[in-house]
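Here is the structure we will look at.
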């Protein structure tokens, strides 16, 4: 499939209007040409979170991932490996799998019944001339990687090296045991906002005090350098020191020491140097062991945890994934672009595989913390989109106290579009 490219000079001219420590000009949230450049230079070049390996436990289990007009099937093959296959028939291009998830014995085109194996090889094409070479007509493969139960795909034939991300994420995520988890719930959303506005929102807690009453009870990152009193700093330092001492005995580590105060010169920034991934473990407020509505443990301990006091594991990969994992559950958010003014979000809750709903956990206790926080964010992003469409919108200055991560994302984004 071919795609129209954004005129290089037009894109260069737009990039030249971007100001340091400011939000992006309106064209970057609205212009179809910029959206096309986003697809070509970010979404079709890098690594994208697809889903969880526990969704693909048995041969034939699959999920579909739709990146605008590109659709992938991620499937467990007969040898137990994962494959990513472009979700189009090699006959006349028909989409093969329409469901977001399922299980198949063979992949059969609904149009003319061309049939493919779980490895993508063409097995039969009834009605075609005998000289057709089926070995040349298998489904087009895409790149796929798995780390600690997280599955990533790339549309590029030459994506960035995945190993630096694996080296950071795997040891931090291993104790969580997400590869041994099960899906407790999934919620899908259409956000009326450009995907970059959704990322901007995720990268700061400037808005948290006024908009996330649940989140701020559990976390420290709504405090910032200009409003954190000595008492607050002492509380953060005490919680971090206590957690660091306790977790060290369990093979865990605090890697996010100054929540909300300044950019972090530790494991988080190791990922930032590579640009598209970061991971850390963060202490929760004293008295909270889970990102639940009241801070108590609400499901069986996950993975290798023997004690609920493990803080939160946070993982982010640009442009489409973040995860907050507590001792007893994990919550993943996947973004997919669906137009200049629309982003598809899927929020997934995971628990230990042998946990039984109604006995070991209840959805009405498991889901509200992140369901409310997410839906609050989607409303804010939609309002921001309506604003940046105004003829009177101009880029505003970013707070160096509260929005340094927004600026880091803006710099990463501009570099991707500029190809540097």
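List of remarks:
- Residue in the stretch 409-416 that is within 24 Å of residue 205 (Cα to Cα) and part of a loop (DSSP other than H, G, I, E, B) present: no
- Scanning the stretch 50-62 for residues that are within 22 Å of residue 316 (Cβ to Cβ) and either crowded, with 20+ Cβ neighbours inside 10 Å or without any contact (Cβ under 8 Å) to a residue 12 or more places away in the chain (or both) yields 50, 51, 52, 53, 55.
Each row is one residue, and each column tells you yes or no for (1) modelled with pLDDT of 95 or more; (2) under 24 Å from residue 165 (Cβ atoms).
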{"residue": "1", "(1), (2)": "no, no"}
{"residue": "25", "(1), (2)": "yes, no"}
{"residue": "32", "(1), (2)": "yes, no"}
{"residue": "47", "(1), (2)": "yes, yes"}
{"residue": "57", "(1), (2)": "yes, yes"}
{"residue": "63", "(1), (2)": "yes, yes"}
{"residue": "70", "(1), (2)": "yes, yes"}
{"residue": "92", "(1), (2)": "yes, no"}
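- Failed item in (1) surrounded by fewer than 19 Cβ atoms within 10 Å (Cβ to Cβ); (2) in contact with a strand residue (DSSP E or B) (Cβ under 9 Å, 6 or more places away or on another chain); (3) within 27 Å of residue 283 (Cβ to Cβ), with residue 357 passing the rest: (3)
- Within the stretch 263-297, the set of residues being within 21 Å of residue 242 (Cβ to Cβ), part of a loop (DSSP other than H, G, I, E, B), under 23 Å from the mean Cα position of the chain (by Cα) and at pLDDT below 90 comprises 264, 266, 283.
- As a summary of the residue check, residue 346 satisfies the conditions (1) surrounded by 20 or more Cβ atoms within 10 Å (Cβ to Cβ); (2) touching a strand residue (DSSP E or B) at 6+ places or on another chain (Cβ under 9 Å) except for the one numbered (1).
- Some residue of the stretch 321-333 being under 26 Å from residue 35 (Cβ atoms), modelled with pLDDT of 95 or more, part of a loop (DSSP other than H, G, I, E, B) and within 18 Å of the chain's Cα centre (by Cα): no
- With respect to the stated conditions, residue 364 fails to be over 30 Å from residue 53 (Cβ atoms) and not in a loop (DSSP other than H, G, I, E, B).
- When the helices (runs of 4 or more DSSP H) confined to the stretch 168-224 are screened for residues that are more than 18 Å from the chain's Cα centre (by Cα) and buried (at least 21 other Cβ atoms within 10 Å of the Cβ), those reaching at least 2 such residues are found at 215-218.
- Among the residues of the stretch 376-398, the one identified as closer than 12 Å to residue 203 by Cβ and not in a helix (DSSP H, G or I) is 398.
- Here the condition is being surrounded by 15 or more Cβ atoms within 10 Å (Cβ to Cβ) and in contact with a helix residue (DSSP H, G or I) (Cβ under 8 Å, 6 or more places away or on another chain); of 372, 380, it holds for 380 alone.
- Residues in the stretch 23-34 that are part of a helix (DSSP H, G or I) and in contact (Cβ under 8 Å) with a residue 60 or more places away in the chain were compared, and the one that is farthest from residue 196 (Cα to Cα) is 32.
- From 5, 37, residue being at pLDDT below 95 and either over 30 Å from residue 353 (Cβ atoms) or part of a loop (DSSP other than H, G, I, E, B) (or both): 5
- When we screen 78, 13, 20 for residues that are outside any strand (DSSP E or B), touching a residue at least 40 places away in the same chain (Cβ under 8 Å), out of contact with any helix residue (DSSP H, G or I) (no Cβ under 7 Å at 6 or more places or on another chain) and under 30 Å from residue 399 (Cα atoms), the only hit is 20.
- Residues that are surrounded by fewer than 20 Cβ atoms within 10 Å (Cβ to Cβ) and either more than 18 Å from the chain's Cα centre (by Cα) or part of a helix (DSSP H, G or I) (or both), drawn from the stretch 133-155: 133, 134, 135, 136, 137, 138, 140, 141
The values are calculated or read from the model by the stated rules, or taken from the named source; none is laboratory data. Keep in mind that this is a model prediction, so the values were computed, not measured. Reconstructed Cβ throughout: ideal geometry from the backbone, glycine too, with neighbour counts over all protein chains shown.
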